[in-house]
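**Q** Please find one structure pasted underneath; my questions will follow.
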Amino acid sequence: MDFEVLWRYAPSLLSGFGVTVLCWGAGGALGVALGFLIALLNRLRLAPLRRLLRVFIEVFRGTPFLVQLFLLYAGGPYIGLRLSATTAGVIGLGLYSSAYFAEIFRGGFAAVPVGQIEAATSVGMKPFDVLWRVTLPAALIAALPPIVNMLIVLSKETVVLSIITVPELMYQMQTMAAETFTAFDAIFAMAVFYWLLVEGVSRLGRRLEARVTAFMAEEARPA
Amino acid sequence: MHPQVILHSFGYLTQAAGMTLAVSLAGIALGFVIGAAVCIARLSRRAWLVRLGGVYVSVFRGVPLLVLLLFIYYFLAKFGVDVPALAAAIGGLALSSGAYQSEILRGAINATPPGQAESAVALGFSGVEIWRRILLPQALRISIPSLINEFILLLKASSLVSVVGIAELTRVSMNIASLTYRPLEAYVGGALFYLAINLGLAALGALAEQRLAGERA
């Protein structure tokens with residue numbers, strides 16, 4: 001271990017960690033939002049739309065992320081889509097994960113007892129309120145653990161962005177390793193950084209779960 | 001593009017796809033058993049079991065699969081535990097996937113109405129029976145979309161087991177690329193096999209969902 005090298009490269013490693021967290025956060029948020037939208041559209045029961053969404057999900061779930069990223073970044077300019085590496089990375093992460101999130105939300109919605117939605121509708125709740133106060137909290141109890149699973153998978157998937165030259169942690173690590181011949185230190189530092197990230201995500205997930213459970217308990221209490 | 005490269009190496013690719021499928025399916029099945037056990041531990045009333053399950057998930061979800069595989073295959077050998085390559089591959093996939101699957105199952109079981117387990121207790125069901133006949137079937141129906149997600153991720157992650165010397169789809173595609181100097185064709189051929197297996201998994205999931213939904217009605 002050569003801490004002097006790690007210290008010297010600390011600014012670039014930290015900025016790499018920042019870019020990683022940023023890409024993961026933005027890509028994950030985009031993926032959750034898009035996945036939620038897809039799951040909602042799926043509930044409209046329009047056969048052609050459903051088929052289209054199914055194709056989207058199977059394509060983005062069934063092919064490797066690296067291939068999708070290459071197509072977006074290197075193939076995009078052929079159809080007039082010129083994206084910076086980081087933008088392409090965020091959009092790529094969002095599209096890729098949205099297919100998984102859509103399926104997670106679909107499973108979550110399936111866990112909501114139909115009677116609750118019918119009851120909410122029959123007491124005159126507006127469709128948005130039914131979704132926000134009845135369907136979503138009940139769906140999240142089943143969906144949150146897999147959502148956190150997927151966010152963790154996604155945080156590990158961000159290393160792929162280094163291949164299209166996004167200056168994230170992996171990219172900075174490889175630069176350091178190549179310039180100073182300290183492959184072991186680089187890998188050690190990387191393990192620490194990614195463990196921090198994953199641990200942070202699982203803590204966030206546990207807190208969210210506690211909040212949803214508390215919300216459900218609050219609502220269930222007779223007024 | 002020279003598609004005949006794919007045709008010439010079709011036999012190798014099919015064989016390699018068989019290996020990928022075998023390793024993945026074994027990893028999925030063993031991972032499901034581990035996942036169910038960890039999930040039951042985390043939902044039990046014994047504090048030490050809950051703690052133990054939490055540590056398991058935290059460790060195996062936090063450690064990258066590649067590191068886990070290298071650890072099992074190379075590091076354990078230092079201490080005289082010689083794990084065969086195939087066992088290391090399946091074990092690594094199962095240990096890692098078990099952590100993810102346990103979380104998926106835990107969410108699904110939390111979503112089944114508590115009244116059901118309570119009425120089963122009131123009717124005199126034993127603990128094992130409650131899990132087998134009441135909780136797991138419902139949890140399975142809710143969790144199938146997420147489980148299929150996880151199976152597809154595992155299948156793609158199985159490309160990593162080539163580091164312990166298993167000739168699976170990605171490794172064989174690499175070999176074909178270096179033999180023929182046609183990387184594009186070799187990798188497209190490999191990718192088509194992955195896509196075919198994943199579509200099969202998704203179709204199987206849809207079928208299982210239909211069956212379980214039918215049982216409920």
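The values are calculated or read from the model by the stated rules, or taken from the named source; none is laboratory data. Because the structure is a prediction, the values reported are computed rather than measured. Reconstructed Cβ throughout: ideal geometry from the backbone, glycine too, with neighbour counts over all protein chains shown.
**Q** Please go through segment B:191-207 and give me each residue that is more than 10 Å from chain A (Cβ to nearest Cβ) and surrounded by 14 or more Cβ atoms within 10 Å (Cβ to Cβ), ordered by number.
**A** Across segment B:191-207, the qualifying residue is only B:Phe193.
This table checks each residue for (1) surrounded by 13 or more Cβ atoms within 10 Å (Cβ to Cβ); (2) closer than 23 Å to A:Ala102 by Cβ; (3) in contact with a Pro (Cβ under 7 Å, 6 or more places away or on another chain).
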| position | (1), (2), (3) |
| --- | --- |
| A:Leu13 | yes, no, no |
| A:Gly18 | yes, no, no |
| A:Leu22 | yes, no, no |
| A:Leu40 | yes, yes, no |
| A:Arg45 | no, yes, no |
| A:Ile57 | yes, yes, no |
| A:Phe60 | yes, yes, no |
| A:Pro64 | yes, yes, no |
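**Q** Suppose we filter segment A:140-155 for residues that are at the interface with chain B (Cβ under 8 Å from one of its Cβ atoms) and within 22 Å of B:Pro114 (Cα to Cα); how many remain?
**A** Count: 6.
**Q** Scan segment B:152-187 residue by residue and report those that are hydroxyl-bearing (Ser, Thr, Tyr) and either within 14 Å of B:Leu66 (Cα to Cα) or in contact with a helix residue (DSSP H, G or I) (Cβ under 9 Å, 6 or more places away or on another chain) (or both).
**A** Passing the criteria: B:Ser158, B:Ser159, B:Ser162, B:Thr170, B:Ser173, B:Ser178, B:Thr180, B:Tyr187.
**Q** Here's a follow-up. Enumerate the helices (runs of 4 or more DSSP H) found wholly within segment B:1-119, keeping only those where 1 or more residues are within 13 Å of chain A (Cβ to nearest Cβ) and not β-branched (Val, Ile, Thr).
**A** Working: elements: B:3-8, B:10-43, B:47-62, B:65-70, B:85-111.
In segment B:1-119, B:10-43, B:47-62, B:65-70, B:85-111 are the helices (runs of 4 or more DSSP H) which contain 1 or more residues that are within 13 Å of chain A (Cβ to nearest Cβ) and not β-branched (Val, Ile, Thr).
**Q** I need a count of the residues in segment A:160-183 that are in a helix (DSSP H, G or I), farther than 13 Å from A:Gly92 by Cβ and either among the aromatic types (Phe, Trp, Tyr) or in contact (Cβ under 8 Å) with a residue 24 or more places away in the chain (or both).
**A** 8
**Q** Being among the acidic types (Asp, Glu) and closer than 19 Å to A:Thr158 by Cβ is the filter; apply it to segment A:168-215 and report the residue that is surrounded by the most Cβ atoms within 10 Å (Cβ to Cβ).
**A** For segment A:168-215, the residue satisfying everything is A:Glu168.
**Q** Residue check, A:Ser202 against (1) more than 10 Å from chain B (Cβ to nearest Cβ); (2) modelled with pLDDT under 90; (3) in a helix (DSSP H, G or I); (4) in contact with a helix residue (DSSP H, G or I) (Cβ under 7 Å, 6 or more places away or on another chain), all met but one. Which one?
**A** For A:Ser202, the exception is condition (1).
So that you can scan it fast, the table gives a plain yes or no per residue for (1) more than 21 Å from the chain's Cα centre (by Cα); (2) aromatic (Phe, Trp, Tyr):
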| position | (1), (2) |
| --- | --- |
| B:Phe32 | no, yes |
| B:Cys39 | no, no |
| B:Arg45 | yes, no |
| B:Arg51 | yes, no |
| B:Gly92 | no, no |
| B:Ser119 | yes, no |
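**Q** Report whether or not B:Ser162 is within 9 Å of chain A (Cβ to nearest Cβ), hydroxyl-bearing (Ser, Thr, Tyr) and within 22 Å of B:Gly27 (Cα to Cα). Please lay out each step first, then the result.
**A** On the way: within 9 Å of chain A (Cβ to nearest Cβ): no; hydroxyl-bearing (Ser, Thr, Tyr): yes; within 22 Å of B:Gly27 (Cα to Cα): yes.
Judged against the criteria, B:Ser162 is not a match.
**Q** Moving on. Is there a residue in segment A:158-166 that is small (Gly, Ala, Ser), crowded, with 18+ Cβ neighbours inside 10 Å and within 11 Å of chain B (Cβ to nearest Cβ)?
**A** No, because not a single residue in segment A:158-166 is small (Gly, Ala, Ser), crowded, with 18+ Cβ neighbours inside 10 Å and within 11 Å of chain B (Cβ to nearest Cβ).
**Q** I'd like to verify a number: residues in segment A:86-116 that are at pLDDT 90 or above and either more than 14 Å from chain B (Cβ to nearest Cβ) or in a loop (DSSP other than H, G, I, E, B) (or both), how many?
**A** Count: 10.
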